[in-house]
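The values are calculated or read from the model by the stated rules, or taken from the named source; none is laboratory data. Values in this document were obtained by computation on a predicted structure and should not be read as measured data. Cβ sites come from the backbone with ideal geometry, for glycine too, and all protein chains shown count toward neighbours. The accessibility values were calculated without ligands, DNA or RNA, using every heavy atom of the protein model including side chains. Shrake-Rupley method; radii C 1.70, N 1.55, O 1.52, S 1.80 Å.
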Amino acid sequence: MRDSQLGIGVVGYGYWGPNLVRNFSINPAARVVGVSDLDPGRLATIRQLYPGVAITARYDDLLKDSLIDAIAIATPVHTHYELALAALRAGKHVLVEKPLAPSAELVSRLIDEADQRGLTLMVDHTFLYTPAVQKIRELLQKRELGDIYYYDSMRSSLGLFQRDVNVIWDLAVHDISIIHHILDQDPVAVSATGSCHVVGSPENMAHITLFFANACVAHVSVNWLSPVKVRQTFIGGSKKMIVYDDLEPTEKVKVYDKGITLDAPPESAHQFRIGYRAGDMWAPHISPKEALQTEVEHFVECVRTGTQPISSGMSGLRVIEVLEAASRSIAKQGKPIPIRPLPRILAEGARAMA
C-alpha cells in the first residue's frame, strides 16, 4: 500500500456491488479506486455517484492498476473462481460475494493460491457480521442456553430467481455459515429435498437437515416462491431458547427462559416425568450498525495485519462442502450424505479464526 488507505477495486455493480462500493467509500482506511462492470448504464450511475472513481468495462484494468491493493467481487457465482484466481495472481487481496466458488475443489485452489502468495482471501458471509448473530454466538459461548438441541430456520421470499445456482446456494448458504460460526461442532451428514416449479430453472425451494455427532440437529427451509419474506430462526437449548427474527426492526433476538425438565420416579429409572418451565423473556441490546460496514472494516484490518478473517477461505470451504452434499442428497431424493471432516489442524485453525 502506497499510503494510509487500502486501494479497492470492485467488479460487478448489479445487486450487491453498490453496497460494497458504498461501504468501502465511507471507510476512512479504504479508498475505492475503480469499478468494473459490463453494463454502460451502471457505469454511468457510478460516474454520477462517485465522480472520483475510475470506471471500466475491462476487469483487466483493475488488475493492472497499481493503486488497487484488493479486489471485491460481486458477480454471478459461475464467474467467482476465475475472477478471484486472476486477482490473486495479480497480487491483490480478495473479498468474494458468497458462495466463494461453485465447488469445493475450486475453493481449495483459491485457498492454496492465496496462502502461497501471502494474500487475504475472504468470503462475504455477511450474516456473520450482523450484531444479532454476534450476540447469539456470545450467548452460546457463555452456555446461556445450555446444551444446544436444535437450530430451526426458515428463509423465504418471492425471488430473486437465480439462473446459475439453486435456492440452497443462494439462501441456505446464510444459515450454513451461521451454524458453523455459532456452534463448536461441524455437521457429519446432510439430508435435503428440493422442488422446481419453473421449467428450465434450478430448485426454488428446499428443506435441509444437518446431523451432528451429538443430539443436536439443524433444519433449514428455504424458498424463492413465498408470498411473504421470512427470516426467522429458533435455537433450542437445555436451559433457554432463542427466537431470532432478522426482519424485526429492534428486538431481533429474544431469549426465552423456557424448556422442559425430566424427573425419573424412584420406583422406575425407565419412566420419566416431563415438566415444563416457563420463565421470563428478555431481548438483549442489538447494535443498529450495518453488518457490511463491520465486514469491510474486518477485511481491511485482516489485509493490514495478516490476520485470518472470520469468513476466511477455509470458512467458505466448509460451507461449500455442505452445499455440495445437500445438492447430492436432493438428487437422491433426500438420502443422507456424509460430510467429510476437515483435517484436524485445519478445523482447529478455522475455529481459532472465529
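Annotation: aspartates and glutamates with alpha-carbon distance below 14 angstrom to K229 (same-chain offsets under eight excluded): D245, D246, E248.
With 0.36 nm allotted per residue and the present C-alpha distance subtracted, the I274-C196 stretch has 23.9 nm of extension available.
With springs connecting C-alpha atoms under 10 Å apart, model the chain as a Gaussian network and identify which of V300, V198, V94 has the largest mean-square fluctuation. Fluctuation is largest for V198. Counting every pair of alpha carbons in segment 1-141, the share spaced more than 20 Å apart comes to 47 percent. How much of the DSSP bridge set in the chain is antiparallel, in percent, rounded to the nearest 5? Within the chain, antiparallel bridges account for around 60 percent of the total. Once divided by 2.2 N^0.38 Å, the Cα radius of gyration of segment 26-93 becomes 1.11.
Viscosity 0.890 mPa s, temperature 25 °C: Stokes-Einstein D of segment 119-185 from its Kirkwood Cα radius, in µm² per second? The Stokes-Einstein estimate is 178 µm²/s. Taking each residue as 0.36 nm, the span from E248 to T45 lengthens on full extension beyond its C-alpha to C-alpha distance by 69.9 nm.
Annotation: for a label point projected 7 angstrom from Cα along Cα→Cβ of L160, residues of segment 55-86 with backbone N closer than 16 Å are 73-80.
Dividing the C-alpha radius of gyration of the chain by 2.2 N^0.38 Å, with N its residue count, gives 1.06. Each Cα pair under 8 Å and six or more residues apart adds its sequence gap; the mean of these over the residue count of the chain is a relative contact order of 17 percent. The calculated FRET efficiency for R117 paired with S4, based on their beta-carbon distance and R0 = 25 Å, is about 0.60. Of Q116, Q162, Q134, the residue with the greatest mean-square motion in the GNM of the chain, using alpha carbon springs below 10 Å, is Q116.
Taking a straight Cα-Cα cut-off under 25 Å and skipping sequence neighbours fewer than 8 places away in the same chain, the lysines within cross-link reach of K142 are K239, K240, K252, K254, K258, K289.
Sorting Y50, Y81 by solvent-accessible area of protein heavy atoms yields Y50, Y81, largest first, with a 1.4 Å probe.
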